[in-house]
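Comments concern the structure below.
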Amino acid sequence: MSFVKNAWYVACWSDEVKAGELFTRTLLDERVVFYRRPDGTPVALRDRCPHRFIPLSMGRLRDDVVECAYHGLQFDSSGACVRNPHGDGRIPAAARVQAYTVHDRHGMLWIWMGEAAADPALIPDYGMLDEGSGYRTSRGRLHINANYELMGENLLDLSHISFLHEGLLGSPEQVHAKQEVVQDGDRLQCNRWMPNVSVPGVFDMLFRRDGQPVDMWTNMRWDPPGCFLLDTGVHAPGESRERGAWYYGIHILTPETARTTHYHFAAARPPGPELDPETNARLAEMRRIAFEDQDKPIIDAQQDALGENDFWDMKPVLLNVDLGPVRMRHTLERLRKAEAAAAQAR
Ligand code: FES
Ligand SMILES: [Fe+2]
């Protein structure tokens, strides 16, 4: 399995890379070591010493350079070896590690692992997570034992909320949602509109707490390879969004390996009164149940069922709700092929 490499991925939350510490994570099948320069600028290097292949993250950070734990070669933030403590101290030309472009934005550390020039303007907008945005935010992270495309399908086909998350995030009548899938270049927008449906638990708690029917929407944006933004909410039937309750769901998938995924997620409620602590805690627990106890076991089991097989070779049955997921798969395939062709042409 190859990954789209010329793209921004979220490596971790920005505050996971702390001053004076080395932090490692496997991304796109490669171990990467992160640290911050004294001025806070993030650095990402391949986490493998070119001498005997020890993870550099087992070594130590000395100001601005990483020293390998085994024989003490030192590498700077560009990946160049700057000290060889052995022999006459000459530095072999091959003594360097790959450096990746990284960028802090929206509280996340973004990494670009491809050959093409990295343009921070291409990072999808999650401004609602910025400090000072006024949005009320909460966040979390999950490790999924499945390829990220399986999780992506889950996010682009929210018809599953009527079944897997019934009562919590969805209700049975929502299966009749009016759906709309719009592709704009590489970006997809998958919208569902569900008028006059019974109100799911999370939304009832955020809205009127009277169990009365609502109009509900789930509008999901996808920026390849793994960036999703859900705009979802409810209002009284026929009323306007301004009089309802809604929030953004931020869902970001980064492949760890071909069969495991880092899943960063956050919720951002629009500016307004703070919820009481008990409500906040109950909402957090409901979200935890939805992601950890409901989505994750399904996606993990799906990967087990697929095993080493290619998804399309398994001849999956296609339903009308698969339009978004199929577009996503085709888009990723197109991007991978374009990258492979560009690499061959070099
Ligand atoms: S393995 Fe890193 S210096 Fe030898
Ligand atoms: Fe789900």
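All of the numbers you see were taken from the coordinates with simple rules; none came from a lab. Fair warning: this is a prediction, and the values are worked out from it, not measured in the lab. Don't worry about glycine lacking a Cβ; one is built from the backbone with ideal geometry, like all the others, and counts go over all protein chains shown.
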FRET E, pair residue 21, residue 99, Förster distance 25 Å, beta-carbon r, rounded to 0.05:
0.85
Bins of 5 Å, beginning at zero and ending with the bin holding the largest distance: percent of Cα pairs per bin for segment 97-242, please.
2, 8, 14, 18, 18, 17, 11, 6, 4, 2, 1, 0
Assuming R0 = 51 Å, what is the FRET efficiency of residue 278 and residue 178, from their Cβ-Cβ distance, to the nearest 0.05?
0.90
Return the Rg/Rh ratio of the chain with Cα-based radii and a Kirkwood Rh.
1.02
Overall Cα dimensions of segment 8-122, principal axis frame, Å, largest first:
46, 28, 23
Highest GNM mean-square fluctuation among 297, 270, 85, for the chain with Cα springs under 10 Å, belongs to 85
Could you work out, for segment 1-50, what percent of all Cα-Cα pairs fall into each 5 Å distance bin, beginning at 0 Å and stopping at the bin that holds the largest distance?
5, 19, 29, 24, 15, 7, 2, 0
Pick from 272, 114, 211: which residue has the top mean-square fluctuation in a GNM of the chain where Cα pairs under 10 Å get a spring?
272
Got a sec? Which residues in segment 41-59 would a label at residue 346 touch, if it sits 7 Å along Cα→Cβ and we count backbone N under 18 Å?
45-46
For segment 111-123, 3J(HN,Hα) per residue [Karplus equation, 6.51 cos²θ - 1.76 cosθ + 1.60, θ = phi - 60°, Hz, x = Gly/Pro]
10, 10, 10, x, 7, 5, 5, 8, 10, x, 5, 7, 5
Label-point separation in nm, residue 30 to residue 313, each point 7 Å along Cα→Cβ:
2.7 nm
When the gyration tensor of segment 199-340 is built from Cα positions, what are the square roots of 5 times its three eigenvalues, in whole Å, from largest to smallest?
33, 18, 16
Specify the angular offset, from 0 to 90 degrees and rounded to the nearest 10, of the alpha carbon long axis of helix 296-306 from the longest principal axis of the alpha carbons in the chain.
70 degrees
Helical contribution to [θ] at 222 nm, DSSP H n ≥ 4, -39,500 (n - 2.57), averaged over the chain, rounded to 500
-5500 deg cm²/dmol
Where does segment 67-182 land on the Kirkwood hydrodynamic radius, alpha-carbon pairs, in angstrom?
19.7 Å
Would you mind calculating the gained length between residue 63 and residue 289 on full extension (0.36 nm times residue separation, minus the Cα-Cα distance), in nm to one decimal?
77.1 nm
Could you list which residues have their amide H under 5 Å from that of residue 21, counting only those 5 or more apart in sequence or on another chain, with H placed in the peptide plane?
36
Loop-located chymotrypsin sites (Phe, Trp or Tyr not before Pro) in segment 232-296, at most 16 other Cβ atoms within 10 Å (DSSP):
none
Amide proton proximity set for residue 199, modelled H, under 5 Å, gap of 5+
214
Based on alpha-carbon atoms only, what is the radius of gyration of segment 147-187 relative to the globular estimate 2.2 N^0.38 Å?
1.35
Enumerate the calculated ³J(HN,Hα) couplings along segment 100-110 in order (Karplus 6.51 cos²θ - 1.76 cosθ + 1.60, θ = phi - 60°), each rounded to whole Hz, writing x wherever the residue is Gly or Pro.
10, 6, 10, 8, 7, 7, 6, x, 10, 9, 9
